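This report refers to the structure that appears directly beneath it.
The values are calculated or read from the model by the stated rules, or taken from the named source; none is laboratory data. It should be emphasised that the depicted structure is a prediction, and the values quoted were computed from it without experimental measurement. As a convention, Cβ positions derive from the backbone with ideal geometry for all residues, glycine included, and neighbour counts pool all protein chains shown. Please note that ligands, DNA and RNA were not included when accessible areas were found on the heavy atoms of the full protein model with its side chains. Shrake-Rupley method; radii C 1.70, N 1.55, O 1.52, S 1.80 Å.
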Amino acid sequence: MYTFNIKEEGPDPDIIITRSLLALAAVASLFFRTDINNIINLTAALLLLCAAIFIRAILVKLSGKKMVLLLFSASLLFIATHAITFPVILLVYGYLAKFFRKQPIIQIAVSGVTIKKLFSTTLYKWSEISNVVLKDNLLTLDFKNNKLIQVAVDEKHTTTNEQEFDEFCLRYT
C-alpha cells in the first residue's frame with residue numbers, strides 16, 4: 001500500500017480560524033463592555049482587530065506559536081469585558097481547531113484508491129480508473145469517465161520510488 005500526503009494549495013485553515021476568532025473577540029470587547037472603561041474596550045477591540053488583519057505576519061514573528069497570540073488576546077479580552085467566559089471560549093476553540101484539521105491523504109492499495117479528506121472518505125475501485133501516474137511529486141488519477149484528479153504530493157512526508165509505484169499501478173489498471 002502507498003500513502004501520499006497531499007499539499008494544501010489553498011489558504012491555511014489555521015490562519016482563517018485564528019483570524020475569525022480574533023475578529024469575534026474584537027466584537028465581543030465592543031458589545032460586552034462596561035460604561036466605565038470605554039477607552040479600554042475600544043483600544044482592546046482595535047488591537048484585536050489589527051491582530052486579526054495582520055495574523056500571518058504576527059505568526060511569522062512568533063514562529064507559528066498561535067497559542068501565545070491567543071493567550072495575549074484572551075488576556076486583552078478579559079481586561080476589556082471583565083468576564084472569564086469569553087477568554088475561555090477563545091482559548092478552547094483556538095486549541096481545539098488543530099484537532100479538527102486533517103491533511104488530505106490518498107492511499108493506493110490492491111483494493112483501489114482511497115481519498116481521505118476532513119469530512120469524507122471515498123474509495124475508487126480499480127475498475128473505475130484508467131491510469132495512475134506519479135511524476136515529479138505530482139499524482140495523477142485518470143478515471144474511465146473522463147474525470148481527472150491531479151494533486152501535488154507533500155515530499156516532506158512522502159517518499160516513494162516513482163518507477164516502482166507506476167509499475168504497481170500498471171498491474172491493476
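Worth a mention:
- So Lys156, is it of a type in the set (Lys, Arg), surrounded by fewer than 16 Cβ atoms within 10 Å (Cβ to Cβ) and farther than 14 Å from Ile105 by Cα: no
- Residue within the stretch 10-29 that is in contact (Cβ under 8 Å) with a residue 24 or more places away in the chain, surrounded by fewer than 14 Cβ atoms within 10 Å (Cβ to Cβ) and either in contact with a Pro (Cβ under 9 Å, 6 or more places away or on another chain) or not in a loop (DSSP other than H, G, I, E, B) (or both) present: yes
- Flag if Phe32 is among the aromatic types (Phe, Trp, Tyr), open to solvent by 60 Å² or more (accessible area, probe 1.4 Å) and modelled with pLDDT of 85 or more: no
- Single residue of Phe119, Phe143 found to be open to solvent by less than 60 Å² (accessible area, probe 1.4 Å), aromatic (Phe, Trp, Tyr) and at negative phi: Phe143
- Ile108 vs. criteria more than 21 Å from Ile16 (Cα to Cα), surrounded by fewer than 16 Cβ atoms within 10 Å (Cβ to Cβ), over 17 Å from the mean Cα position of the chain (by Cα) and of a type in the set (A, V, I, L, M, F, W, C): no
- Top-ranked residue of the stretch 125-139 - restricted to ones that are farther than 14 Å from Tyr2 by Cβ and free of Cβ contacts under 8 Å to residues at least 40 places away in the same chain, ranked as surrounded by the most Cβ atoms within 10 Å (Cβ to Cβ): Glu128
- Against the test of being at pLDDT below 85, on the phi < 0 side of the Ramachandran plot and open to solvent by less than 70 Å² (accessible area, probe 1.4 Å), the options Leu62, Leu76, Leu90, Leu70 yield a single qualifying residue, Leu62.
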